[in-house]
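Quick one: structure below, then a few questions.
The values are calculated or read from the model by the stated rules, or taken from the named source; none is laboratory data. All figures in this text were calculated on a predicted structure; none of them were measured in a lab. Please note: Cβ atoms are built from the backbone with ideal geometry, for glycine as well, and neighbour counts cover all protein chains shown.
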Amino acid sequence: MDEGLESLEALLPSTLGLFPSLCVSGRYVLGGHDREHSGSGLKATHLPDGRIALAVTEASGGGAVAATTTARLLAVLYARLEDGANVRAALAAVDRYARRTPFGPGATMAVAVVDPANGVTEVGIAGHPAPLRLTDSGQTLSYLLSPSRPLGTGGVASTDSFRLEVGDTLLLFTNGLLTASDGLVRDGITRLEEAPGALEPDCYTDQDALADRLLRTMQRPAGFVEDVAMVVAQRCAPIDDFHFGGDLAPGEPQRCTAALSTWLDDLGVSLVDHVTLQQAVSTIVSSVVDSHPETVRAGLEVTGTLTDEGVVEIRIHDASGWQPRGSAHEHGLVVAGGLVDHLRLFHDDHGTVVVLRQPVGRTVPLMRSVAQARTNGTPTGAAGTAMTSELRSDTLRVSGAVTATDDVEFREALHEVTCSCTRSATVDLSGVTRMPGHVVRTLFDYLERASSSQVDLTVVTGEDSVAAQVLTQAALPHVTT
């Protein structure tokens, strides 16, 4: 396994939070890269004020450095949101951090903060595709957020607010979902807007099914060229609480744990959380039942709820006089307490109560896209031809597919045509067939240097070309011919 993929797996969340009134699902698909995986990331977490924050981001370049940069940008975002900042202020803080950190400039991000109680939602983007809203009937509503510059490039985030109705779904995604093998962002957006209408109605009540079907619909025969990070969040009605009551004899605790297993499956908790909670409850219930003589049945009531913070809280109430005394029963408490995040035992007028609390999440699968067929190291369909550059006087013409491995050559060509940003020059990108984030970052860097030196750097693209669509999304000044 390469270093970049190891870092990516270590930094990607294995789960996204589970919440009663906002059903969230995430996916990460590894694209068919030449060498390095991109620094895409995703996150969903509960904020202290009760709202839920969702985000996807992508750092330019690839490998371990890009993955680490993505994790840092998300950490800054959530620190500001947890302090009470709105989306615009939080993105401004991330922008300042990106400007000061290596490989931060050029990263992009989309954020949504949802109040599950009333559906009021803030969204914001920095150089990133805007989130999509899907109704429960499959209608797609696009948010026409104005294009904004990537993080760390001197821009201002584009933001908006609206009400997410019960049954509506919010979709956040990285560019890898759109560009496929032709590099055309606008075509990808059109396909994505049309995709939900062709899906089965059942998909709109199952976020995992919706995420998987959208990925299958958007993936071309050659597979995804770039990594795809995606978050699907639906405002939903809370699931009913768990309740089990009855008298249990020795050997019968599985009646309770079987019912609990069904409830946890309905919640959609990850396998690790499922096994952890089921084992902890089984240990306590068995300890209660086994403490009674064989002829006496233990009267138990077990309840469970998913809190707004994404924590499953289970209460085990015994009204038949159970006291966890003796090494065997005390050992059961130790085992259960070691499994869950929090265990509390207390006595009231009606008996003994054990409270178990465990933060839970829904698994984020790490999947592989269909491998690209390759010719001389270049993915077929992703480029047509490898990058070429031609320098004539004060004009640099770049054609073909620009990949992460071309970054040094592209920078050197810009350095030469601008004479280290001391003379005016033109960069013609009309023939570019693929344009990853690091190209945008480099162009912003040289535009800023040229402005500081009071010389002109003109970027030229063809109408509706790959470069035109990418630079429009990034709000980078350019001329269309």
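Would you call Glu448 touching a residue at least 40 places away in the same chain (Cβ under 8 Å) and outside the structural domain of Ala59 (by TED's automatic domain parsing)? Before you say what the answer is, go through the steps one by one.
Details: touching a residue at least 40 places away in the same chain (Cβ under 8 Å): yes; outside the structural domain of Ala59 (by TED's automatic domain parsing): yes.
Answer is yes for this residue.
Next question. Which of the residues belonging to the stretch 214-241 are out of contact with any Phe, Trp or Tyr (no Cβ under 8 Å at 6 or more places or on another chain), polar (S, T, N, Q) and outside any helix (DSSP H, G or I)?
Gln219
Additional query: Looking at the stretch 242-268 only, could you name the residues that are in a loop (DSSP other than H, G, I, E, B) and under 23 Å from the mean Cα position of the chain (by Cα)?
First, pick out the residues of the stretch 242-268 that are in a loop (DSSP other than H, G, I, E, B): 249-253, 268.
Once the filter is applied, which keeps residues that are in a loop (DSSP other than H, G, I, E, B) and under 23 Å from the mean Cα position of the chain (by Cα), the stretch 242-268 yields only Gly268.
Answer with yes or no whether Ala382 is in contact with a strand residue (DSSP E or B) (Cβ under 8 Å, 6 or more places away or on another chain), at pLDDT 90 or above and either basic (Lys, Arg) or under 23 Å from Gly63 (Cβ atoms) (or both). Outline the logic, then answer.
Working: in contact with a strand residue (DSSP E or B) (Cβ under 8 Å, 6 or more places away or on another chain): yes; at pLDDT 90 or above: no; either basic (Lys, Arg) or under 23 Å from Gly63 (Cβ atoms) (or both): yes.
When the stated conditions are applied, Ala382 does not pass them.
Out of the stretch 131-148, which residues are surrounded by fewer than 24 Cβ atoms within 10 Å (Cβ to Cβ) and under 19 Å from Asn86 (Cβ atoms)? Reasoning before the result, please.
Start the filter on the stretch 131-148 by keeping residues that are surrounded by fewer than 24 Cβ atoms within 10 Å (Cβ to Cβ), which leaves 132-133, 135-147.
Tyr143, Leu145, Ser146, listed by residue number.
Has the stretch 52-63 got any residue that is among the acidic types (Asp, Glu) and either farther than 24 Å from Leu447 by Cα or outside the structural domain of Ala233 (by TED's automatic domain parsing) (or both)? Steps first, answer last, please.
The first filter runs over the stretch 52-63 and keeps only residues among the acidic types (Asp, Glu), leaving 58.
Still in the list and also either farther than 24 Å from Leu447 by Cα or outside the structural domain of Ala233 (by TED's automatic domain parsing) (or both): none.
No: the stretch 52-63 contains no residue that is among the acidic types (Asp, Glu) and either farther than 24 Å from Leu447 by Cα or outside the structural domain of Ala233 (by TED's automatic domain parsing) (or both).
To continue, here is another question. Kindly establish whether Val289 is in a helix (DSSP H, G or I), out of contact with any helix residue (DSSP H, G or I) (no Cβ under 7 Å at 6 or more places or on another chain), crowded, with 16+ Cβ neighbours inside 10 Å and without any contact (Cβ under 8 Å) to a residue 60 or more places away in the chain. Break it down into steps so the answer makes sense when it comes.
Values: in a helix (DSSP H, G or I): yes; out of contact with any helix residue (DSSP H, G or I) (no Cβ under 7 Å at 6 or more places or on another chain): yes; crowded, with 16+ Cβ neighbours inside 10 Å: yes; without any contact (Cβ under 8 Å) to a residue 60 or more places away in the chain: yes.
When the stated conditions are applied, Val289 passes them.
Output the residues belonging to the stretch 79-99 that are within 22 Å of Phe162 (Cβ to Cβ) and either outside the structural domain of Val156 (by TED's automatic domain parsing) or surrounded by fewer than 20 Cβ atoms within 10 Å (Cβ to Cβ) (or both).
Residues satisfying the conditions are Arg80, Gly84, Ala85, Asn86, Arg88, Ala89, Ala92.
Let me ask another. Of all residues being surrounded by 15 or more Cβ atoms within 10 Å (Cβ to Cβ) and in contact with an Asp or Glu (Cβ under 8 Å, 6 or more places away or on another chain) in the stretch 233-286, which is nearest to Thr303 (Cα to Cα)? Just the residue, please.
For the stretch 233-286, the residue satisfying everything is Phe244.
Still on this structure: For Ser60, indicate whether it is buried (at least 23 other Cβ atoms within 10 Å of the Cβ) and either within 13 Å of the chain's Cα centre (by Cα) or closer than 20 Å to Asp308 by Cβ (or both).
Working: buried (at least 23 other Cβ atoms within 10 Å of the Cβ): yes; either within 13 Å of the chain's Cα centre (by Cα) or closer than 20 Å to Asp308 by Cβ (or both): no.
Against the criterion (buried (at least 23 other Cβ atoms within 10 Å of the Cβ) and either within 13 Å of the chain's Cα centre (by Cα) or closer than 20 Å to Asp308 by Cβ (or both)), Ser60 does not qualify.
If Gly152 satisfies every condition in (1) modelled with pLDDT of 95 or more; (2) over 21 Å from Thr190 (Cα atoms) but one, which is the exception?
(1)
Select from the stretch 390-401 the residues that are more than 15 Å from Ala467 (Cα to Cα) and among the polar types (S, T, N, Q) and list them in ascending order. So that I can check it myself, show each step before the final result.
Step one: filter the stretch 390-401 for residues more than 15 Å from Ala467 (Cα to Cα), giving 390-395.
Once the filter is applied, which keeps residues that are more than 15 Å from Ala467 (Cα to Cα) and among the polar types (S, T, N, Q), the stretch 390-401 yields Ser393, Thr395.
How do the pairs read when you match residues in the stretch 121-138 that are at positive phi with residues anywhere that are in a strand (DSSP E or B) and β-branched (Val, Ile, Thr), using Cβ under 8 Å and keeping only pairs 6 or more apart or on different chains?
Short answer, once both residue conditions are applied: Gly127/Thr108.
Here is a further query. Identify, please: which residue in the stretch 294-340 is surrounded by fewer than 16 Cβ atoms within 10 Å (Cβ to Cβ) and of a type in the set (Gly, Ala, Ser) and is, among those, modelled with the highest pLDDT?
Among those that are surrounded by fewer than 16 Cβ atoms within 10 Å (Cβ to Cβ) and of a type in the set (Gly, Ala, Ser), it is Gly338.
If you scan the stretch 404-449, which residues turn out to be of a type in the set (A, V, I, L, M) and over 26 Å from the mean Cα position of the chain (by Cα)? Break it down into steps so the answer makes sense when it comes.
Applying the first criterion (of a type in the set (A, V, I, L, M)) to the stretch 404-449 yields 404, 408, 413-414, 417, 425, 427, 429, 432, 435, 439-440, 443, 447.
Selection gives Val408, Ala413, Leu414, Val417, Ala425, Val427, Leu429, Val432, Leu443, Leu447.
Another one. Could you go through the stretch 158-179 and let me know if any residue there is of a type outside the set (Gly, Ala, Ser) and modelled with pLDDT under 85.
As a first pass, look at the stretch 158-179 and keep what is of a type outside the set (Gly, Ala, Ser): 159-160, 162-166, 168-175, 177-179.
Filter once more, keeping what is modelled with pLDDT under 85: 178-179.
Within the stretch 158-179, one or more residues are of a type outside the set (Gly, Ala, Ser) and modelled with pLDDT under 85.
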